[in-house]
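Visitor: Take a look at this one; I'll ask things after.
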Amino acid sequence: MRYMMLVYGSSADSVGPAGRVYAAADEPGMPIDQWVDEMDGSGVRLTGDALRPPAEATSVRVRGGEVLVSDGPFTETKEAIAGFDLLECASLGQAIQVAAKHPVARFGRLELRQLAGG
């Protein structure tokens, strides 16, 4: 089964040089490259990447046939999607184990959603 894992963090969290993840709280910098190497090596992680900050987002909506484009995210929130990973797991249980190993799980939030097509 394929799962999209959305990586959420606060605006104070950031991904720094060399793929190190830094938390806003008292968490030390944690190397995400170790998690990526482990998951890529096991064949669980199919692809993934960090996203540019929400302030650089473009929101697109269509209302009354008119295309409305605005800078930044559509909603105001303390958490934003910081990145994603596409996983291939045998079960939701395995996907949960993979997510629990992700460095951001220690200070942010990971959302798992099975792809509708399997």
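The values are calculated or read from the model by the stated rules, or taken from the named source; none is laboratory data. Remember, predicted model here, so these are calculated numbers, not experimental data. Cβ atoms come from the backbone with ideal geometry, glycine included; neighbour counts cover every protein chain shown.
Visitor: Checking the conditions here, which among V15, V104, V21, V36 is modelled with pLDDT of 90 or more and either within 24 Å of R2 (Cβ to Cβ) or touching a strand residue (DSSP E or B) at 6+ places or on another chain (Cβ under 8 Å) (or both)?
Guide: Working: V15 fails: modelled with pLDDT of 90 or more; V104 fails: modelled with pLDDT of 90 or more; V21 fails: modelled with pLDDT of 90 or more.
From the options V15, V104, V21, V36, the qualifying one is V36.
Visitor: Out of everything in segment 39-85 that is in a strand (DSSP E or B) and in contact with a helix residue (DSSP H, G or I) (Cβ under 6 Å, 6 or more places away or on another chain), what residue ends up being nearest to L6 (Cα to Cα)? Break it down into steps so the answer makes sense when it comes.
Guide: Step one: list which residues in segment 39-85 are in a strand (DSSP E or B), which gives 45-50, 58-63, 66-71, 79-85.
So of that shortlist, the ones also in contact with a helix residue (DSSP H, G or I) (Cβ under 6 Å, 6 or more places away or on another chain) come out as 45, 80.
Working: R45: 13, A80: 10 Å.
Here the answer is A80.
Visitor: Among residues belonging to segment 75-118 that are of a type in the set (V, I, T) and under 16 Å from the mean Cα position of the chain (by Cα), point out the one that is surrounded by the fewest Cβ atoms within 10 Å (Cβ to Cβ).
Guide: First, the residues of segment 75-118 that are of a type in the set (V, I, T): 75, 77, 81, 96, 98, 104.
Then drop every residue that is not under 16 Å from the mean Cα position of the chain (by Cα), which leaves 77, 81, 96, 98, 104.
Numbers: T77: 12, I81: 16, I96: 14, V98: 24, V104: 23.
Among those residues, the one meeting the criterion is T77.
Visitor: For segment 60-74, check the following and say yes or no: at least one residue is at pLDDT 95 or above and surrounded by 10 or more Cβ atoms within 10 Å (Cβ to Cβ).
Guide: Checking segment 60-74: not a single residue is at pLDDT 95 or above and surrounded by 10 or more Cβ atoms within 10 Å (Cβ to Cβ).
Visitor: For A57, are the conditions met, namely being surrounded by 15 or more Cβ atoms within 10 Å (Cβ to Cβ) and free of Cβ contacts under 8 Å to residues at least 40 places away in the same chain?
Guide: Working: surrounded by 15 or more Cβ atoms within 10 Å (Cβ to Cβ): yes; free of Cβ contacts under 8 Å to residues at least 40 places away in the same chain: yes.
The answer is yes for A57.
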